[in-house]
Amino acid sequence: MSTTKRAATWLALTGLVGASAVTSAVTARAATAELPVYAVRATGLSQDQATALQRAFGLKTVQRDQDGAVTFADEATYLRVPGLDGGAGKADEDGIATTQSRIDVDALKQLRAIPADAAVKRTQEALRGAGLLPANAVAAARNTTFEVVDANNNTVVSAPLDTAVSYAFTLDGVPLEGAGAKLRIAFDGQGAVSGLTYSTRDVVKVGTVPVLDLTSARERCAKMLTASTRLTGVSYVYDAPALSEKVGRLEPGIRCAGAAPDGAEVQAVTVPAAVDATLPEPGPSQPPRVENAVSPLWTNRIDVGSEGTGRCAGLPWTSYNVNGFNNQFSSRGIPVQFSWLDRNAWERDFKDPSLPNGWDHLYTDDVDMTYWQGNGSPNGFSFAGCSNNTDTFLSNNDARWGNRDVEWMSLYTCSILRSSAGGQSWAQRWGRAFRGLHQINGFDTGAVHSAVHGSRYGNYLLRTPFLWWNRPMKVRDAWAQASIDTQPSSVVWATMGPIGTSWLANVDDYFWTKGPVGPDTLPTWGFWRISGTS
C-alpha cells in the first residue's frame, strides 16, 4: 500500500472526533451501555511514512524502531538549559570525579519561544502535508518552562525552553490514551524541531460490546482501588498499550481515579469496561520482609534501589514497573541494593535518622538513585493500606536526602512537584530535602498508573550509543521522555534541584559513567525547576 493511500485509510478508520463531541458521545454511550471494539490493522508507521514525517519537519534523520514508533531528539537543543563550565568539582562520596556547571541566568532571560498558535499551525500543516495528521485529534501547545527562585522564594527567571504540541486522541468520542497513542512535536526558540514522538496504531471499528454503566463501573473501580480508597472519578477510556505489545483489539475500559485515606492522590488505573470482564491480575508479590534486616552500608560503589506500593494501594502493576527499572540496571552490571514492594515498602526507609525511627541511611540514601512508585500529594507520598512502619505517609518534613549518598530521587507519584499547594511553592515544600541531593524527579499533576515507565526511564539513562542515535540521556531528560512516552498529554512532569554558590547547579547530570555529573551542591542560592507536558 502506498504512503498516501495508507495514510488516507488511517484517517478514515480512526473515528477521532473533537473535544466538543466527547461529552455528548460519552453521555450517549452511558445510556446505551455499549461501546465500540476496534481491530488493529497495522501498528506504527511504515518506513515510507517515517521518511515523509522526517521531510515534513525538515529533520536530518529520525529513529524508527522495530515496532514502528518514530522518535527524534536534537542533542544540541532538546530541553537545553543554558549553562557555563564551572571546571572540575570535588570528588563524589563514591570517589568519582565530578564536573561543575553553572546556570547562565543572563542567557535564560534572553530565551524566547514561538507562540502556541504558530506551533500548532505549523504542526498541523506539516502532518497534513505528509498525510499523517490524525483526523480531528485535538492539538494543544504549551511551553516547557525552566524556573529559578532564590533562597527567599523570589522568582529570578522563568524561561521557555520550547513550545510543545501534544495531541489528545479519542475513539468514537471516548479518550484513547497510553504509550500507543502518542504524538508530540517540540519546537525550539528558532522554530526548529527539537523533539518528536509518533506512536500510533491503525484501527477499524468491528462491532460493539456491552459495558457497565458508570454507576456499576464505580463498583468495579472500588474493588480495584481497595475498600479504603475514596473514588473521585469514573469515566470511559480506551487504553493504548506500547506498540511493543502486539494487541489485536482495543476494547473499552474504565478509568478509576481516587484518593487514599490520608488524602494522597491515587494514580489513575484502567480496568476493563465489558460487562463480563474480570479485573486484571496484579503483579507478583514478595515474601514478608524481616523487620530487623538491614542493607549493607555502601558509599563506595555505583548502585540503585527501588520501592513501591502495589495492589494493597490500588496499583496492580507496580511490581512490573519497579522490576522493569531494576532490570535495566542489573542487566548492565549495576547492583540493585534493595527493592521493597507492597507491604515491604516502609516509610522509615525514606526518613532521615536524625528523625525518630528514620533509617534512610540504610536504604534510600545509601544508593545513588532511588526509584519509587506509589500514591502521593504535593506534601509527600503514601503507604496507606500497605504498611505502617513507622507510619503511613512520608512527609516533605521527613525528607533529608543526599547527606549520605543519594544523588537522584525519582518519585513516580502524583503531584509531588506541584507548582503551588497549601500556600507554598514547590521550592518551599521540598527545598529542605536537599542535603546533597542533586534532583527530585516527579510530577506537577496527577499521573496514570504504568507498568513500563521504570523500564523506559532506566533505558534512557543507560542505553548504549549506536551510530548517531541511542545515546544516554541526562537524568532529567530521561525522566521527561519516559513520562512523555507513557502519560496522557494532560500530565505535567517536573524535576527540581538546588542552586549553590556562584549559580552552581546539577541541571545537566547524567547517570554515573554515562556523562558528566556535578558535585553535591547545597541550596545556598536557591532552586531550579523544569516542567512540561507529556
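Computed quantities for the displayed model
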item: Scan of segment 486-534 for residues that are among the polar types (S, T, N, Q) and under 24 Å from N153 (Cβ atoms), ordered by number; result: T495, T501, S502, N506, T521, T524, S531
item: Residue among D365, D360, D349 that alone is touching a residue at least 40 places away in the same chain (Cβ under 8 Å) and either out of contact with any helix residue (DSSP H, G or I) (no Cβ under 8 Å at 6 or more places or on another chain) or over 26 Å from G458 (Cβ atoms) (or both); result: D365
item: Some residue of segment 505-519 being of a type in the set (V, I, T), in contact (Cβ under 8 Å) with a residue 60 or more places away in the chain and in a strand (DSSP E or B); result: no
item: Qualifying residues in segment 20-69 (those that are on the phi > 0 side of the Ramachandran plot and at pLDDT 95 or above) - the one surrounded by the fewest Cβ atoms within 10 Å (Cβ to Cβ); result: G58
item: Test result for V452, within 9 Å of the chain's Cα centre (by Cα), surrounded by fewer than 24 Cβ atoms within 10 Å (Cβ to Cβ) and closer than 20 Å to Q373 by Cα; result: no
item: Subset of segment 475-504 [surrounded by fewer than 24 Cβ atoms within 10 Å (Cβ to Cβ) and free of Cβ contacts under 8 Å to residues at least 60 places away in the same chain]; result: V491, V492, G500, T501
item: Residue list for segment 125-137, filter: surrounded by 15 or more Cβ atoms within 10 Å (Cβ to Cβ) and either polar (S, T, N, Q) or over 26 Å from the mean Cα position of the chain (by Cα) (or both); result: A126, A130, G131, N136
item: Looking only at segment 160-215, and only at residues there that are surrounded by fewer than 20 Cβ atoms within 10 Å (Cβ to Cβ) and among the β-branched types (V, I, T), the one that is farthest from Q54 (Cα to Cα); result: T215
item: Scope segment 248-301; condition among the basic types (K, R) and either in a strand (DSSP E or B) or touching a strand residue (DSSP E or B) at 6+ places or on another chain (Cβ under 7 Å) (or both); matching residues; result: R249, R255, R289
item: Residue among L437, L417 that alone is in contact with a Lys or Arg (Cβ under 8 Å, 6 or more places away or on another chain), closer than 24 Å to K474 by Cα and of a type outside the set (D, E); result: L417
item: Number of positions in segment 379-417 that are part of a loop (DSSP other than H, G, I, E, B), crowded, with 21+ Cβ neighbours inside 10 Å and of a type in the set (S, T, Y); result: 3
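The values are calculated or read from the model by the stated rules, or taken from the named source; none is laboratory data. As the structure is a prediction and not an experimental result, all values here were calculated from the model. We place every Cβ from the backbone using ideal geometry, glycine too, and count neighbours over all the protein chains shown.
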